[in-house]
1. Restricting the first residue to region 240-263 and requiring it to be surrounded by fewer than 16 Cβ atoms within 10 Å (Cβ to Cβ), which pairs with a second residue that is outside any loop (DSSP other than H, G, I, E, B) meet a Cβ separation below 7 Å and a spacing of at least six or different chains?
2. Mind telling me which of the residues 169, 162 ends up being touching a residue at least 12 places away in the same chain (Cβ under 8 Å), surrounded by fewer than 21 Cβ atoms within 10 Å (Cβ to Cβ), outside any loop (DSSP other than H, G, I, E, B) and in contact with a helix residue (DSSP H, G or I) (Cβ under 6 Å, 6 or more places away or on another chain)?
3. Give the residue, chosen from 61, 67, 20, that is in a strand (DSSP E or B), modelled with pLDDT of 95 or more and either under 30 Å from residue 256 (Cα atoms) or touching a helix residue (DSSP H, G or I) at 6+ places or on another chain (Cβ under 9 Å) (or both).
4. Could you tell me whether any residue of region 205-223 is surrounded by 22 or more Cβ atoms within 10 Å (Cβ to Cβ), within 18 Å of the chain's Cα centre (by Cα) and over 18 Å from residue 316 (Cβ atoms)?
5. Just checking, which of 227, 231 is on the phi > 0 side of the Ramachandran plot, within 13 Å of the chain's Cα centre (by Cα) and either touching a residue at least 40 places away in the same chain (Cβ under 8 Å) or surrounded by 16 or more Cβ atoms within 10 Å (Cβ to Cβ) (or both)?
6. Give the residue, chosen from 320, 310, that is touching a strand residue (DSSP E or B) at 6+ places or on another chain (Cβ under 8 Å), at positive phi and surrounded by fewer than 24 Cβ atoms within 10 Å (Cβ to Cβ).
7. Having 3 or more residues that are in contact with a helix residue (DSSP H, G or I) (Cβ under 7 Å, 6 or more places away or on another chain) is the bar; report the strands (runs of 3 or more DSSP E) wholly within region 269-335 that clear it.
């Protein structure tokens, strides 16, 4: 399979890196494409990639840590923590609602209304979006989509609010908190929240294909710096270190880890959502996989833990699609 995975990358013209591991044994690992097309610098096993919404689970871990410290509960109301002006928000919105995408708050990028993330920056230049507070004018005055707890609707704005909750209670920026309390504890030494206009060495540029077959970077397509709803950079190795740390209760207590991985809300079919993590069930109700994913212009990411097989994988890409197909190939080969 080690050779096959690279062959599939080449066949699909996938640009990125994949790592599959069972405990400490590497089942498959491979890279293809360029981290920097202009300089023709290849993607490598230790290249850092943006993971878009794949890092919502880091936000959930941060919130759960603050719950364990007694600084809030999952039933704490948003209105009791943030003193920003949300004139149309329901006063009964809780932390649990935000974590599970059931809050009903408006989103700054609503996939039911918009299908092109780049549309956002026509009126609000992306280079102005450098901290969580900068997102608020995009959605804080909009009406609620539905009553809290009424249904599941994937929502980036809700996770911006969770990040602001972390900042308010921890007294540091959200990115500082995650770096110190998640990345460092998990040994994720190559991960961070990097600005697109100041990427460090060994970090892949995200690429978008033009209609004529040429490529451009995504620097004008995304907020300059990521935060609590998405935009962290990781290596495949670091992502598996995160799963290891989470499952070995290095980030949260055993009880809290189980709560984070609980299927709190039904999304569709056999898909459920925990706190920042997707959960797929088998027909008999057993858990097939826990997975996180992220897709933005020039970014595609998928990372999975299969509890029955103790297998973890991470697929990071610096193009807009292809990670899901690679995960499907790996599943067919392994399971």
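1. Matching pairs, first to second residue: 249/257; 250/185; 250/186; 253/68.
2. On inspection, the qualifying residue turns out to be 169.
3. One residue alone meets the criteria, 20.
4. yes
5. Working: 227 fails: on the phi > 0 side of the Ramachandran plot.
Of the residues listed, the single one that is on the phi > 0 side of the Ramachandran plot, within 13 Å of the chain's Cα centre (by Cα) and either touching a residue at least 40 places away in the same chain (Cβ under 8 Å) or surrounded by 16 or more Cβ atoms within 10 Å (Cβ to Cβ) (or both) is 231.
6. On inspection, the qualifying residue turns out to be 310.
7. Where strands (runs of 3 or more DSSP E) fall fully within region 269-335 and carry at least 3 residues being in contact with a helix residue (DSSP H, G or I) (Cβ under 7 Å, 6 or more places away or on another chain), they are 287-296, 299-306, 311-317.
The values are calculated or read from the model by the stated rules, or taken from the named source; none is laboratory data. These numbers come from a predicted model, not from an experiment. For neighbour counting, all protein chains shown are included, and Cβ atoms are generated from backbone atoms with ideal geometry for every residue, glycine included.
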